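Chemist: Before I ask anything, here is the structure I am working with.
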Amino acid sequence: GDSVTQMEGPVTLSEEAFLTINCTYTATGYPSLFWYVQYPGEGLQLLLKATKADDKGSNKGFEATYRKETTSFHLEKGSVQVSDSAVYFCALSDRGSQGNLIFGKGTKLSVKP
Amino acid sequence: DAGVTQSPTHLIKTRGQHVTLRCSPISGHKSVSWYQQVLGQGPQFIFQYYEKEERGRGNFPDRFSARQFPNYSSELNVNALLLGDSALYLCASSLVRQRDEQFFGPGTRLTVL
């Protein structure tokens, strides 16, 4: 079945460092891809999305490009801030799953001042 | 505008008991989905309801059931609670189409003793 694999954490960075969180997927159809963020004690917030190959999603300085050839959707940010500390989830939504989200296990990011 | 709301925030039950969790979607949203998030894992899809009908079900036992009301709010019921049911239960709503963006509530933290 469909699945999402993302790099395991935790990831600890200094403020203003470059961030990459890897995400690869397996899907039989043509999924939409998402990055969600979960701050401590809160629910999930959509960070960015891409609905077709070569689309780039971006928000709040974060970017991810839908790469069909490598089945990847890696999250990047050029300069992280302490406020970016959270757990990041990669997810896909496939027509075959009726639009329901399939999540990776999450990557915890800690940014130190 | 109010986002997705869930009640209660926290709940403690003992094994064998029954629990009901409630969700109110964003105004105008007709689809509600439920997810279970075990500590340290990504959310797992449980149910999706649209226009009061079940449109999708994840790989959960029959102890889990749900329904959607005419005002599009929803309840998740879990019978015969097990220790392994301890988790954060997330509700998400979306406008209409199944591939629409899903907006998540803050969740209900269920602890089974």
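Chemist: It is to be established whether one or more residues within the stretch A:8-28 are touching a Cys at 6+ places or on another chain (Cβ under 6 Å), under 12 Å from A:CYS90 (Cβ atoms) and at pLDDT 95 or above.
Modeler: The answer is yes, given that some residue of the stretch A:8-28 is touching a Cys at 6+ places or on another chain (Cβ under 6 Å), under 12 Å from A:CYS90 (Cβ atoms) and at pLDDT 95 or above.
Chemist: Then there's this: Regarding the stretch B:29-39, can at least one residue be identified that is surrounded by fewer than 15 Cβ atoms within 10 Å (Cβ to Cβ) and more than 9 Å from chain A (Cβ to nearest Cβ)?
Modeler: Yes - at least one qualifying residue is present in the stretch B:29-39.
Chemist: Select from the stretch A:42-60 the residues that are in a loop (DSSP other than H, G, I, E, B) and of a type in the set (Gly, Ala, Ser) and list them in ascending order.
Modeler: Selection gives A:GLY43, A:ALA53.
Chemist: Okay, next question. Does any residue of the stretch B:79-88 turn out to be in contact (Cβ under 8 Å) with a residue 40 or more places away in the chain, part of a loop (DSSP other than H, G, I, E, B) and within 14 Å of another protein chain (Cβ to nearest Cβ)?
Modeler: Scanning the stretch B:79-88 turns up no residue that is in contact (Cβ under 8 Å) with a residue 40 or more places away in the chain, part of a loop (DSSP other than H, G, I, E, B) and within 14 Å of another protein chain (Cβ to nearest Cβ).
Chemist: Within the stretch B:92-100, does at least one residue satisfy the condition of being part of a strand (DSSP E or B) and free of Cβ contacts under 8 Å to residues at least 40 places away in the same chain?
Modeler: Taking every residue of the stretch B:92-100 in turn, none turns out to be part of a strand (DSSP E or B) and free of Cβ contacts under 8 Å to residues at least 40 places away in the same chain.
Chemist: Continuing with the same structure: Would you pick out the residues in the stretch B:89-113 that are modelled with pLDDT under 95, more than 8 Å from every other protein chain (Cβ to nearest Cβ) and surrounded by fewer than 21 Cβ atoms within 10 Å (Cβ to Cβ)?
Modeler: Listed by number, the residues that qualify are B:LEU95, B:VAL96.
Chemist: Could you tell me whether A:ARG95 is surrounded by fewer than 18 Cβ atoms within 10 Å (Cβ to Cβ), farther than 26 Å from B:GLY40 by Cβ and modelled with pLDDT of 95 or more?
Modeler: Considered against the rule, which asks whether it is surrounded by fewer than 18 Cβ atoms within 10 Å (Cβ to Cβ), farther than 26 Å from B:GLY40 by Cβ and modelled with pLDDT of 95 or more, A:ARG95 comes out as no.
Chemist: Could you count how many residues in the stretch A:33-51 are within 15 Å of A:ILE102 (Cβ to Cβ) and buried (at least 22 other Cβ atoms within 10 Å of the Cβ)?
Modeler: Count: 5.
Chemist: Further, regarding this structure: With the requirement that a residue be within 14 Å of another protein chain (Cβ to nearest Cβ), touching a strand residue (DSSP E or B) at 6+ places or on another chain (Cβ under 9 Å) and part of a loop (DSSP other than H, G, I, E, B), what does the stretch A:22-41 give you?
Modeler: Within the stretch A:22-41, A:ALA27, A:PRO31, A:TYR39, A:PRO40 qualify.
Chemist: List pairs: first residue in the stretch A:101-113 and in contact (Cβ under 8 Å) with a residue 60 or more places away in the chain, second residue part of a loop (DSSP other than H, G, I, E, B) and hydroxyl-bearing (Ser, Thr, Tyr) anywhere in the structure, Cβ distance under 9 angstrom, at least six positions apart or on different chains.
Modeler: Once the first residue is in contact (Cβ under 8 Å) with a residue 60 or more places away in the chain and sits in the stretch A:101-113, its partners that are part of a loop (DSSP other than H, G, I, E, B) and hydroxyl-bearing (Ser, Thr, Tyr) give A:LYS108/A:SER85; A:LEU109/A:SER85; A:SER110/A:SER85; A:VAL111/A:SER85; A:LYS112/A:SER85.
The values are calculated or read from the model by the stated rules, or taken from the named source; none is laboratory data. Owing to the predicted nature of the structure, the values given are computational and were not obtained by experimental measurement. Note: ideal-geometry Cβ built from the backbone for every residue, glycine included; neighbour counts use all protein chains shown.
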